[in-house]
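This report concerns only the one structure given below.
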């Protein structure tokens with residue numbers, strides 16, 4: 001932006017932008033109905049006729065639910081369902097279900113051919129489903145079932161247009177301020193954005209690509225939105241609608257970055273688009289962190305750009321995104337470059353950049369608990385290895401500042417996590433289901449890209465192996481191992497990355513070491529040895545970037561090596577698993593694209609793992625109603641539950657009886673009676689909240705709510721004050737340079753040094 005843009009170009013761009021907005025708005029599918037023919041419905045019995053209708057006869061010898069739609073995550077609002085059918089007799093029913101509870105039903109009269117019903121959702125549904133119940137008498141032919149909103153299924157198009165306009169407003173304000181980007185920075189930023197978009201292209205489908213853990217992360221995202229609506233905001237420790245409205249623990253899995261997706265859900269954006277946005281932002285964050293971190297250590301612009309491409313497009317990231325669906329580890333990988341750069345600057349680089357480690361450690365901690373265990377291990381190893389240098393140059397001050405600030409910033413999350421991990425009766429044993437050694441990988445996998453036939457390829461990829469080769473050539477051949485300072489740190493990273501790869505392979509004797517109780521405890525907690533590929537990739541990235549910039553032996557071939565490594569890394573994109581059917585519509589008669597229903601979570605669904613449930617809270621023990629220990633002496637009525645708040649009335653004639661509410665009794669819940677007096681509660685069967693009744697024969701009402709927990713509030717305040725202090729240091733001094741100048745004038749010469 002070194003020259004003023006002409007008026008003609010501005011007008012042309014404005015016309016193109018408006019045209020794009022109109023075209024995107026025209027293609028909005030938020031109002032389009034979801035339509036199924038009989039063959040498209042999920043069914044286990046019946047025949048399909050020549051018109052793709054589902055035909056049920058008495059010969060099936062079965063009654064009850066015979067066909068249904070997928071489960072939807074549906075925004076609250078009004079909807080219309082239309083069923084085209086033919087029936088010989090009455091007794092058939094169209095039912096509406098939500099999280100295992102039937103909330104409405106409509107009879108299918110045999111003399112009619114179409115049923116049209118309206119229904120309203122007072123709150124967002126988590127597993128809304130239409131079911132066709134066959135009475136068992138006569139024939140029933142299901143021709144067509146459609147579901148349509150009175151307003152919108154989702155607001156994806158309008159949200160996208162809003163973001164588009166806000167970005168343009170931001171650019172306009174930046175230009176109006178008189179600031180200009182150099183051509184070099186403009187190109188760098190374009191590369192970062194381009195690589196992030198390229199990494200997201202496999203997600204640019206009309207449908208949501210399913211993966212192993214995707215259903216859980218969608219549940220977290222949706223539950224975080226529900227927690228905010230419930231009034232928890234920060235932190236959201238309980239997902240109030242989880243586990244069939246019983247509530248599910250959220251404090252055990254970091255969720256800071258999921259607030260972005262939760263905000264989008266609050267705006268009515270579909271669950272699928274909210275998730276895809278998080279993936280794009282993780283790709284963009286990976287590119288930015290690689291750029292900032294490597295640029296702070298290596299002065300070669302070529303190496304910096306190479307690092308952006310290689311790290312953002314590395315195979316292990318794509319395995320996590322498209323195969324495993326592990327959003328937590330995907331987000332944690334964003335921050336590995338900042339961790340490595342932060343450690344470098346603390347032990348030997350620019351000590352003023354100690355905050356890089358704070359950003360990296362905090363980012364990993366707020367993404368994935370197991371990943372932060374790897375980060376912590378690398379930090380400890382680095383500090384021990386360079387302890388003499390740290391002490392000699394008095395760099396322990398920066399190390400302590402980084403550690404202290406990290407603790408204060410993350411207290412709001414760490415305090416509830418530790419509290420529930422050690423105090424709550426959680427089912428933690430299921431975390432150790434893996435034997436570790438059987439998940440190790442072959443060394444031959446390291447050269448692979450992703451495969452269309454086996455979507456789980458745990459690999460470094462050819463490009464990062466090329467970085468390993470560059471490091472070996474520079475450090476061991478050219479320098480012959482005689483390194484110190486910055487090159488010594490690169491040799492350390494080369495060695496560390498090699499150890500990580502060794503630990504991930506079958507050559508590491510993990511099976512034999514499992515006989516050792518200490519090793520078994522650590523290994524089963526880590527679950528998968530191929531998780532070492534993330535930090536190994538980051539280590540090799542820095543080694544390759546620095547080696548290419550510093551090697552005199554490779555200097556004549558730098559451009560060739562750059563082009564070769566970038567080309568090899570692009571193989572990852574072209575081989576990412578995808579649906580073999582690349583057209584967005586099923587046929588010419590389709591009312592909407594194939595991805596229309598997946599935007600509502602259909603075919604993926606929401607899932608709540610067992611590891612953070614209370615002991616005994618299995619699916620068969622969950623219920624949506626109050627359980628009474630002695631129905632002859634206790635009467636219960638007017639039970640209501642809204643989020644983490646509940647109320648119930650009862651009359652009891654025995655002090656020995658109790659009632660159990662359909663609320664998971666996590667620590668932090670409390671109950672009072674109609675007089676505001678505390679009521680004793682404890683954990684009942686299936687993790688339910690057990691309340692002992694007052695058997696005086698009078699009517700009593702119990703009010704239940706979660707929190708506030710004093711310790712959590714203190715941690716929130718500490719983190720909030722720390723954030724405000726950091727913002728003051730960054731922004732206040734930036735916008736009020738007189739303060740910064742006065743501080744500089746007050747420094748002594750030794751302080752400035």
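Looking across region 71-94, the residues that are within 24 Å of residue 30 (Cα to Cα) and either touching a helix residue (DSSP H, G or I) at 6+ places or on another chain (Cβ under 9 Å) or surrounded by 14 or more Cβ atoms within 10 Å (Cβ to Cβ) (or both) come down to 71, 72, 73, 74, 75, 77, 79, 80, 81, 82, 83, 84.
Taking residue 159, is it within 26 Å of the chain's Cα centre (by Cα) and buried (at least 17 other Cβ atoms within 10 Å of the Cβ)? Yes. Only one of the numbered conditions (1) modelled with pLDDT of 85 or more; (2) over 28 Å from residue 266 (Cβ atoms); (3) surrounded by 13 or more Cβ atoms within 10 Å (Cβ to Cβ) is violated by residue 63, and that is (1). Assess whether residue 608 counts as being within 30 Å of residue 220 (Cβ to Cβ), touching a strand residue (DSSP E or B) at 6+ places or on another chain (Cβ under 8 Å), modelled with pLDDT of 80 or more and buried (at least 19 other Cβ atoms within 10 Å of the Cβ). The answer is yes for residue 608. Screening the candidates 570, 541 for the property of being surrounded by fewer than 20 Cβ atoms within 10 Å (Cβ to Cβ), assigned to a helix (DSSP H, G or I) and either assigned by TED's automatic domain parsing to the domain that holds residue 306 or in contact with a strand residue (DSSP E or B) (Cβ under 9 Å, 6 or more places away or on another chain) (or both) yields one hit, 570. Residues of region 503-512 that are surrounded by 16 or more Cβ atoms within 10 Å (Cβ to Cβ) and assigned to a helix (DSSP H, G or I): 503, 504, 510.
Among the helices (runs of 4 or more DSSP H) contained in region 274-385, which hold 1 or more residues that are under 24 Å from residue 465 (Cβ atoms)?
301-312, 315-318, 327-333, 336-347, 369-385
All but one of (1) farther than 22 Å from residue 368 by Cα; (2) surrounded by fewer than 22 Cβ atoms within 10 Å (Cβ to Cβ) hold for residue 253; which doesn't? The one condition residue 253 does not meet is (1).
The residue that is surrounded by the fewest Cβ atoms within 10 Å (Cβ to Cβ), counting only those in region 627-681 that are part of a loop (DSSP other than H, G, I, E, B) and touching a residue at least 60 places away in the same chain (Cβ under 8 Å), is 633.
With respect to being surrounded by fewer than 24 Cβ atoms within 10 Å (Cβ to Cβ) and within 30 Å of residue 536 (Cα to Cα), residue 316 falls outside the description. Inclusion of residue 462 among residues that are at pLDDT 80 or above, at negative phi and surrounded by fewer than 18 Cβ atoms within 10 Å (Cβ to Cβ) is not warranted. Output yes when any residue across region 513-520 is touching a residue at least 40 places away in the same chain (Cβ under 8 Å), assigned by TED's automatic domain parsing to the domain that holds residue 381, in contact with a helix residue (DSSP H, G or I) (Cβ under 9 Å, 6 or more places away or on another chain) and loosely packed, with under 15 Cβ neighbours inside 10 Å, and no when none is. No. Scanning region 182-220 for residues that are under 22 Å from residue 265 (Cβ atoms) and free of Cβ contacts under 8 Å to residues at least 24 places away in the same chain gives a single hit, 204.
The values are calculated or read from the model by the stated rules, or taken from the named source; none is laboratory data. Just so you know, these numbers come straight off a predicted model, no measurement behind them. Positions of Cβ are backbone-derived with ideal geometry, glycine not excepted, and every protein chain shown enters the neighbour counts.
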